[in-house]
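Derivation of every value follows stated rules applied to the coordinates shown; laboratory data play no part. Computed from a prediction, not measured in an experiment: that's the story for all the values here.
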Amino acid sequence: MDPTTDNAGKTGEQGDARASLEALRAEIAKAVVGQDPAVTGLVVALLCRGHVLLEGVPGVAKTLLVRALAAALELDTKRVQFTPDLMPSDVTGSLVYDARTAEFSFQPGPVFTNLLLADEINRTPPKTQSSLLEAMEERQVTVDGTPRPLPEPFLVAATQNPVEYEGTYPLPEAQLDRFLLKLTVPLPTRQDEIAVLTRHADGFNPRDLHAAGVRPVAGPAELDAARAAVAKTTVSPEITSYVVDICRATRESPSLTLGVSPRGATALLSTARAWAWLTGRDYVIPDDVKALALPTLRHRVQLRPEAEMEGVTADSVITAILTHVPVPR
């Protein structure tokens, strides 16, 4: 085979994969009005094999967003409502005794899916929260000493309410660090809210995405091709140093008690590469790092109590650091 033709074919495959993933926005928009940054964040997480924490008040379409993404990618999805009495086996599955065979068989839990929606994850005790740790990090579940691999792709999209803390169990830093991105899902603008109500007045049913016209525009094959292309996106030594300088600056910030770990720096590099590829480049520039810095780092830092009382936020600290860290030329 002519190598030139082969390279052109690979470039065409990558272009097709990029076009398919870009079409996700238009497809999800048939069900969800606005929230484009959250859609992009979920696609970036899929490209990086990461997980997402969605934070927003009730009623801003967090669940609908994940369901629409699964429908547009033709992926299996399951939802778990996290409650104080939820047990780890309710998530991972358990051994069930079969009286006919007099043997125990494994009954898979809802975690055995492509997109797991962990709704209100901070409403369940740490014991159940931690049942997701192995699944998120190792992409497997161990029951009775036997590891069982999870489907590929696998993404956990966990939601939490930012305004209601009574009866909740805040995620520990170790588990927060397992999420690649923390995306804020804001209230819609006035025009977007009018569009939402108009759709409902016209008969839109959020429980019937097929009737809303949401169709698969990509699948596992396109996702695999996209991931392979992202892995080949060039990162210069200057960009690597820039990422390290940003993360080290968080550790020296007087407003923070906890800065970004090396895992966080690796995450920022990964998300910047995915964003660079999505925007049509095969190399990373400083703007890619800046674009993904907030969602990648905001949940990996911890504010000092006095800074929090003064109204300082994690986002404002990271934004200030991005302003002061020298940008490579």
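Here are some notes:
- Cut-off under 5 Å, modelled amide H: who pairs with residue 155 long-range: 115, 116
- Remark: the residue 282-residue 251 segment gains 8.1 nm on full extension, using 0.36 nm per residue and subtracting the alpha carbon distance.
- Chain lengthening between residue 78 and residue 198 when straightened (0.36 nm per residue, less Cα-Cα): 40.3 nm
- One chain, two ends: residue 187 and residue 140. Fully extended at 0.36 nm per residue, the span grows by 13.4 nm beyond their Cα-Cα distance.
- Amide H contacts under 5 Å for residue 148, placed H, 5+ residues apart: 141, 142, 143
- A Gaussian network model of the chain, with springs between Cα atoms under 10 Å, assigns the largest mean-square fluctuation among 292, 256, 180 to 256.
- Springs join every pair of Cα atoms under 10 Å in this Gaussian network model of the chain, and among 152, 22, 308 the largest mean-square fluctuation is at 308.
- Convex hull of Cα atoms in the stretch 174-329, direction-averaged projection (nm²): 12.7 nm²
- Mean shadow area of the chain over all directions, Cα convex hull, nm²: 21.9 nm²
- Computed [θ] at 222 nm, helices only, for the chain once each DSSP H run of length n ≥ 4 contributes -39500 (n - 2.57): -14500 deg cm²/dmol
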